[in-house]
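Encoded as structure tokens, the structure appears first; notes follow it.
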Amino acid sequence: MRNDKENIIVGKTFDFALKIIDYSEELRSKHKYEMCSQLFKSGTSIGANVWEAQNAESNADFFHKFKISAKEADETTYWLKLCKASEHFPNPDEQLFLELTSIVRITSKIISSAKKR
């Protein structure tokens, strides 16, 4: 059964996905379709996996969904850093990096705690 009570990581990843959508649209408007696609997929997948974990069938399933979320966060960090470093892409807002860092920390703590169960 789904646990829909207030959950910080669910909220943070959902809000982050909305910001990734906005930045992806900025990339799309500048005809940066490949980067837009990569960033959109990884950036929204973080929250999708966290969301799915809320309805995990077992502790192992919960752990697995959060591990995928962590990998997607790493990939998103990579794409954002590429955009920031390249003169050919619009510079992502520093707030994206701050929010992603917060998500990575919380996700890592959840994974660490789940590993101990």
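Give me the orientation-averaged projected area of the Cα convex hull of segment 1-71, in nm², one decimal. All intermediate terms of the calculation are to be shown ahead of the outcome.
Working: hull surface 19.5 nm².
If you wrap the Cα atoms of segment 1-71 in a convex hull and average its projections, you get 4.9 nm².
Among 92, 114, 40, which residue has its Cα furthest toward the positive end of the charge dipole of segment 8-116, with +1 on Lys/Arg Cβ and -1 on Asp/Glu Cβ?
114
So what is the diffusion coefficient of segment 8-116 in µm² per second by Stokes-Einstein at 4 °C and 1.567 mPa s, using a Kirkwood Rh over Cα pairs?
Estimated diffusion coefficient is 92 µm²/s.
Kindly put 108, 29 in sequence by how many other C-beta atoms sit within 10 Å of each C-beta, fewest to most.
Exposure proxy ranking, most exposed first: 29, 108.
Can you give me the distance in nm between label points at residue 14 and residue 94, each placed 7 Å from the Cα along the Cα-to-Cβ direction?
A separation of 2.9 nm, rounded to one decimal place.
List the GluC sites (Glu not before Pro) within segment 45-91 that DSSP assigns to loop and that have no more than 15 neighbouring Cβ atoms inside 10 Å.
Listed in order of number, the matching sites are 57, 87.
Sort 9, 106 so the one with the fewest other Cβ atoms within 10 Å of its own Cβ comes first.
Details: 9 21, 106 16.
Placing the least packed residue first, the sequence is 106, 9.
Between residue 86 and residue 71, what is the label-point separation in nm under the 7 Å Cα-to-beta-carbon projection?
Output for this residue pair reads 2.3 nm.
What is the helix-to-structure angle for 33-53, meaning the angle in degrees between its Cα long axis and the longest Cα principal axis of the chain, kept from 0 to 90 and rounded to the nearest 10?
With both axes taken from Cα atoms, the answer is about 10 degrees.
Which of 18, 54, 64 sits farthest toward the positive end of the charge dipole of the chain, with +1 on the Cβ of Lys and Arg and -1 on the Cβ of Asp and Glu?
Working it through, the farthest residue towards the positive pole turns out to be 64.
Read the figures in this text as sums done on the coordinates, not as results from a lab. As the structure is a computational prediction, the values presented were derived from the model and not from experiment. When we count neighbours, we look across all protein chains shown, and the Cβ atoms used for this are built from the backbone with ideal geometry, even at glycine.
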